[in-house]
Amino acid sequence: MTVDVNAGTEGATSTPDASAKRRRHLPAWLAVIIALLCGAGTALQSRVNGELARELADPYMAALISFGSGLLILLVSLTVWKPGRAGFTQLRGQLRDRRIAWWMLTGGVAGAYFVTTQGLSAGVLGVAVFTVAIVAGQTVGGLVFDLIGLGPGGRRGVTLQRAAGAVLALGAIGWAVSSQLAHEVPLLLMLLPFAAGIGSAWQQALNGRVRAAADSALTSTVVNFLTGTTALVVVVLVHAAFAGFPTSLPTEPWLYLGGLLGCLFIAGQAIVVRVIGVLVLALGSVAGQLAAALALDLFVPTHDRVVDVATIGGTLLAIVAVGIASISRKRRSVSRAS
């Protein structure tokens, strides 16, 4: 089955003039800063959800708690933020007129998989290695989804610099995890966050589409958390049928901050993806993730895991990959201004 990303989206975004005006309203440099902060929030959430899953001995329940608490926060926000409620009316109209496809509301399912992966692998791999795997998935996903025009900003071509950045990011993963693989970290476990990174790029693109259709970041974030929570409820019920529910909940308040962090960075991503595209958003997020993840593993390590030269070197190489992949966009911006 072939999926046309443009099907059902005619008119979902505004006219070219209105689109350009909206991009100018948020400067690209500010969008990149927001992307950096979103990346740092992702790394923090990985630590929180990983520890919550360890305390519960149930990564699926930990993911549901994270998503479910985020949904509650957003529903409370809707009661006091009228533009968010108005966004649902506008989104219903866009769906009725088939200006946005229904499947574009399912980005939260990828988010549900992302937070489940945090609980399954972040604590075992360490946040830095987990994040490097996420980096590769986001880079590859951003490259592909920009190429096919999945995001609200339309198609963005693949250049030599972008392709080189993606290859370097993959090489960075191999270097970063080389020593830890020698310590019996399962290779298959690395595939979970890599796939989650691809799913994250997919989620960012779809949430950007919903945000553009609803003209509200709060609306798109609520839709994201609603679909993700629904998917996780099903997963938790199936898992509990075989393994049962956790018998107690941890008492440390910070273990329940994952939902709040998710609300903040999902909303931020939905705002800036239209301005800088899926790939540049992923790469900007990468830098924030790596900086926060290395700081966490260096200063607040889990399971006595030592951050070695390979992990630091691989992280630095991934940052170089970010810079190389971003060159093409910078050059295009300069040439347009000339």
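Some points to look at:
- Scanning the range 77-125 for residues that are of a type in the set (Ser, Thr, Tyr), out of contact with any Pro (no Cβ under 7 Å at 6 or more places or on another chain) and in a helix (DSSP H, G or I) returns Ser77, Thr79, Thr89, Tyr113.
A quick yes/no check of all residues on (1) in a helix (DSSP H, G or I); (2) at pLDDT below 80:
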{"residue": "Thr131", "(1), (2)": "yes, yes"}
{"residue": "Val135", "(1), (2)": "yes, yes"}
{"residue": "Thr139", "(1), (2)": "yes, yes"}
{"residue": "Asp146", "(1), (2)": "yes, no"}
{"residue": "Gly153", "(1), (2)": "no, yes"}
{"residue": "Gln161", "(1), (2)": "yes, yes"}
{"residue": "Ala176", "(1), (2)": "yes, yes"}
{"residue": "Val210", "(1), (2)": "yes, no"}
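- The set of residues in the range 240-251 being in contact (Cβ under 8 Å) with a residue 24 or more places away in the chain and part of a loop (DSSP other than H, G, I, E, B) consists of Phe245, Pro246, Leu249, Pro250.
- Meets criteria (of a type in the set (A, V, I, L, M) and surrounded by fewer than 22 Cβ atoms within 10 Å (Cβ to Cβ)) for Leu232: no
- Options Leu74, Leu52; residue that is assigned to a helix (DSSP H, G or I), touching a residue at least 60 places away in the same chain (Cβ under 8 Å), of a type outside the set (D, E, K, R) and out of contact with any Gly (no Cβ under 7 Å at 6 or more places or on another chain): Leu74
- Test: residue in the range 311-321 that is crowded, with 21+ Cβ neighbours inside 10 Å, assigned to a helix (DSSP H, G or I), of a type in the set (Ser, Thr, Tyr) and modelled with pLDDT under 75: yes
The values are calculated or read from the model by the stated rules, or taken from the named source; none is laboratory data. Fair warning: this is a prediction, and the values are worked out from it, not measured in the lab. Heads up, the Cβs are rebuilt from the backbone with ideal geometry, glycines too, and the neighbour counts pull from every protein chain shown.
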